[in-house]
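Novice: Got a structure for you, questions after.
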């Protein structure tokens, strides 16, 4: 069978086509691409994008032009309702197809396997790489690494409102959660749970919100250490485990994997030793993308907790992105079947091929989404960055004390005097008062304010 086109090559063609609002010929595309492929290869990739509904063909022969459908829609009157559908499966390489075929065989034909500690032991940080250098360079380019020094978590805080919704929904969706995106958004803004949804699904999404806020607010302290991983598990597992005491603790019981012939490691001491080894290796990895993918591979493979291991790995993968102000990974549009098949390849074959292509595809998708969002946000205000901690404390204190406007104004002026420079003090007070006046049900969560606290304060503020 022909080798499927790697996702990044298709994305390159798609982006180049977007530069031509009136459509582009094959020659136009070849001339505009930074590293143009052979003409025949480009024609094959274009045909695939046309078949997937991403490009539209106009004309025939040498004058044929190809339009990026989203671009056409923006320039037509009346607008056409053309939307590129999320693929049922991600287009992957022949190596990944081999993994996919192997893990989709009936269980009776798959050989039972146990945890292979050598799979972890043999990984040498900064010498062993699950992601090839070309993939790491590609992800670094689209992840938008910046040269200027910014406090850890700046980019994630800038995107927090959208990230809370996207990552909470997509990570829960990969667990089989049936909430819609709009229901998730309403719930996270303090609204009621989705109609017909059970309490477990509601709790799962709220736990994601709490865990994401923890990572973003503590961006300077988080890392691949016990403090971060155990507290991350505790947040994600709250009120979801049969044994409530197991939240934030390594497991002491045997567990199984539904739909798999893989049997995770057993024995509390062995699990603890392997967990510590995993953290030591992860913390030494210098490349943020390799570090993120290492977490997505090794954490669920070890199954260090009684449950919620995959959720921990997906959020832990964002640790280096949050700390280094790279685009976050929110698993936008990732097909559940491909993600699970990728994990089964790790569990049963110790092969990362398929999961790696899912990871790269998912990060490309996330980057495209947040690049558009960031364009509307502009660059962060340096003054706000310097004083964001004090600002957060002041806003939260006003809300929790249910201050009215007069009391809040007095309190803000008093707190602003902590800045000894008179000009900065005045500017801080003005910024805080504007922030208080702008608080609404869709943005108060970034100050770690509970819905009940906001509602009680808002009633008196009005």
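Novice: Considering every residue within the stretch 332-342, establish whether at least one is closer than 23 Å to residue 205 by Cα, in the same structural domain as residue 151 (by TED's automatic domain parsing) and within 10 Å of the chain's Cα centre (by Cα).
Specialist: Yes, that holds for at least one residue.
Novice: Hey, could you check the stretch 16-61 for residues that are in contact with a helix residue (DSSP H, G or I) (Cβ under 8 Å, 6 or more places away or on another chain) and part of a strand (DSSP E or B) and say which is farthest from residue 141 (Cα to Cα)?
Specialist: The qualifying residue farthest from residue 141 (Cα to Cα) is 57.
Novice: While we're on this one: I need the full set of residues from the stretch 255-277 which are in contact (Cβ under 8 Å) with a residue 40 or more places away in the chain and not in a helix (DSSP H, G or I), in order please.
Specialist: 255, 257, 259, 260, 261, 262, 263, 264, 265, listed by residue number.
Novice: May I pose another question? If you take the residues of the stretch 224-239 that are in contact (Cβ under 8 Å) with a residue 12 or more places away in the chain and surrounded by fewer than 17 Cβ atoms within 10 Å (Cβ to Cβ), which of them is nearest to residue 151 (Cα to Cα)?
Specialist: 225
Novice: Does any residue of the stretch 189-199 turn out to be touching a residue at least 24 places away in the same chain (Cβ under 8 Å), surrounded by fewer than 21 Cβ atoms within 10 Å (Cβ to Cβ) and touching a helix residue (DSSP H, G or I) at 6+ places or on another chain (Cβ under 7 Å)?
Specialist: yes
Novice: Let me ask something else. Within the stretch 278-308, count every residue that is under 22 Å from residue 323 (Cβ atoms) and assigned to a helix (DSSP H, G or I).
Specialist: Number satisfying all stated conditions: 20.
Novice: May I ask you to list pairs of residues, at least six apart or on different chains, whose Cβ atoms are under 7 Å apart, with the first in the stretch 9-21 being touching a residue at least 24 places away in the same chain (Cβ under 8 Å) and the second being in a helix (DSSP H, G or I) and loosely packed, with under 14 Cβ neighbours inside 10 Å?
Specialist: 21/75
Novice: When the stretch 263-320 is examined, which residues are found to be surrounded by fewer than 24 Cβ atoms within 10 Å (Cβ to Cβ), over 21 Å from the mean Cα position of the chain (by Cα) and within 21 Å of residue 177 (Cβ to Cβ)?
Specialist: Hit for the stretch 263-320 is 306, nothing else.
The values are calculated or read from the model by the stated rules, or taken from the named source; none is laboratory data. Computed from a predicted structure; not experimentally measured. Note that each Cβ is placed from the backbone with ideal geometry, even for glycine, and that neighbours are counted across all protein chains shown.
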